[in-house]
Amino acid sequence: MTNPTAPASPALSQDELKTLVGQAALRFVVPGEIIGVGSGSTVNKFIEALASMKGQIKGVVSASEASTARLRAVGIPVFDANEVGELAVYIDGADEIDPHGNMIKGGGAALTREKIVAAQSRQFVCIVDESKLVQTLGKFPVPVEVIPMAVQRLIRQFAAMGGSARVRCKALGTGQEPLVTDNGQVLLDVSGLQVSDPLAFESQVSQWPGVVTVGVFAFQKAQVCLLAAANGVKTLTF
Ligand code: 5RP
């Protein structure tokens, strides 16, 4: 088995970096507990690694239907969030993370459940490769889950703050149909923003009628970031 703390070779691909950081996250898994698990390609690597520890945890609360299917496929029990209390730890990826642990999330359309499970957890451990570390959030378009009838008004509200919002569509080749989230809503991706005050941005946008969840995680920021780079996995604490 690969030692996650050993220095990585300079030639690692992004996929290999994700595998490395997924394995490194195992040291934050608390034996005997139920843990929170997010979603995305980096989390998929974590789920593969977690299969080796499945007898040591009670199970997980999952943040997406896709992760639930993967977790069940490797024999890890999945609990409903309402069946359990506070979780010891939540492990998830991010689209961007700043030097304070604030993140943009939702590239995989699971931001609402991710924020719920993060809020239910004592510690958020973010697992990313170094390409996700930025000084200021906003180069990655901010995902926002919204109620469909509010779409056009919210697009105008984002335009008034300098952002350009578009409805996210299903994958290429499936036409221009809006993507529908696990919660039955749609997503706006907002580009052109510099989120220099993530807490203020999250507070403001969360109050706009029709917004379900904004993909800036400042109230639910990470306490730890495992950052995979060519020379190994670094641990940042915030
Ligand atoms: C899903 C997310 C993911 O954590 C984020 O998109 C990162 O995904 P990946 O690990 O595939 O780069 O927020 O909603």
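The values are calculated or read from the model by the stated rules, or taken from the named source; none is laboratory data. Because the structure is a prediction, the values reported are computed rather than measured. We place every Cβ from the backbone using ideal geometry, glycine too, and count neighbours over all the protein chains shown. Just so you know, the surface numbers come from the protein's heavy atoms only, side chains and all, with ligands and any DNA or RNA stripped out. Shrake-Rupley method; radii C 1.70, N 1.55, O 1.52, S 1.80 Å.
Each Cα pair under 8 Å and six or more residues apart adds its sequence gap; the mean of these over the residue count of the chain is a relative contact order of 24 percent.
Under a no-solvent Debye model with one identical scatterer per Cα of the range 1-111, what's log10 I(q)/I(0) at q = 0.22 Å⁻¹? The computed values of log10 I(q)/I(0) come out as -1.32.
As a test of the definition: which semi-axes, in Å, follow for the range 182-221 when you take the square root of five times each eigenvalue of its alpha carbon gyration tensor? Largest first, please.
Details: eigenvalues 65, 30, 20 Å².
Square roots of five times the eigenvalues give 18, 12, 10 Å.
Working from the Cα coordinates of the range 88-229, the gyration tensor eigenvalues give, after taking √(5λ), semi-axes of 24, 16, 15 Å in decreasing order. Highest-first packing order for the peptide set 178-189, 32-43 is 32-43, 178-189, based on the mean count of other beta carbon atoms within 10 Å.
Working ranking of peptides 61-70, 17-26 by packing, defined as the average number of other Cβ atoms within 10 Å per residue, highest first, is 17-26, 61-70.
Could you work out the equivalent-ellipsoid semi-axes for the range 142-215, taking the square root of 5 times each eigenvalue of the Cα gyration tensor, largest first, in whole Å? Don't skip to the answer; put the middle values down first.
Details: eigenvalues 89, 35, 24 Å².
Its equivalent ellipsoid spans semi-axes of 21, 13, 11 Å.
Here, P(r) means the percent of Cα pairs in each 5 Å bin from 0 to the largest distance; for the chain it is 1, 7, 15, 18, 19, 16, 12, 7, 3, 1, 0.
Just add up the charged neighbours of Ile97: K/R +1, D/E -1, any other residue whose Cβ is under 14 Å from the Cβ of Ile97.
Working: positive: Lys105, Lys132, Lys139, Lys221, Lys234; negative: Asp92, Asp95, Glu96, Asp98, Glu114, Asp129, Glu130.
Once all neighbours under 14 Å are counted, the net charge is -2.
Measuring r between the beta carbons of Val84 and Ser164 and using R0 = 30 Å, the FRET efficiency lands at 0.15. Note on Arg122 and Gln56: the extension gain reaches 21.8 nm, defined as 0.36 nm multiplied by sequence separation minus the Cα-Cα distance.
Calculate for the chain the 222 nm mean residue ellipticity that helices alone would give, adding -39,500 (n - 2.57) per DSSP H run of length 4 or more and normalising by residue count, nearest 500 deg cm²/dmol. Provide the component values of the computation, followed by the final result.
Working: 6 runs with 58 residues, N = 238.
So the helix-based figure for the chain works out to -7000 deg cm²/dmol.
Working from label points 7 Å from Cα in the Cα-to-Cβ sense, the Arg72 to Thr235 distance is 3.4 nm. Cross-link pairs exceeding 27 Å in C-alpha to C-alpha distance, out of Lys54/Lys170; Lys58/Lys170; Lys139/Lys234; Lys18/Lys221, comprise Lys54/Lys170; Lys58/Lys170.
Residues whose amide H falls under 5 Å from that of Val61, counting only those 5 or more places apart or on a different chain, are Ile35, Gly36, Val37, Phe79, with hydrogens built in the peptide plane. The value of relative contact order for the range 144-238, using C-alpha pairs under 8 Å at least six residues apart, is 29 percent. By accessible area, using a 1.4 Å probe on protein heavy atoms only, the range 142-215 has 56% of its surface on carbon and sulfur.
Backbone amide hydrogens, once placed in the peptide plane, bring Val212 within less than 5 Å of Glu145, Val146, Ile147, excluding anything fewer than 5 places away on its chain. As a rough guide to protection, the peptides 201-212, 113-124 ranked by mean Cβ packing within 10 Å, highest first, stand as 113-124, 201-212.
Would you please calculate the Kirkwood hydrodynamic radius of the range 19-76 over all C-alpha pairs and express it in Å, rounded to one decimal?
Working: mean 1/r = 0.0905 Å⁻¹.
Mean inverse Cα-Cα distance, inverted, gives 11.0 Å.
Computed with a 1.4 Å probe over protein heavy atoms only, the accessible surface of the chain comes to 45 Å² per residue.
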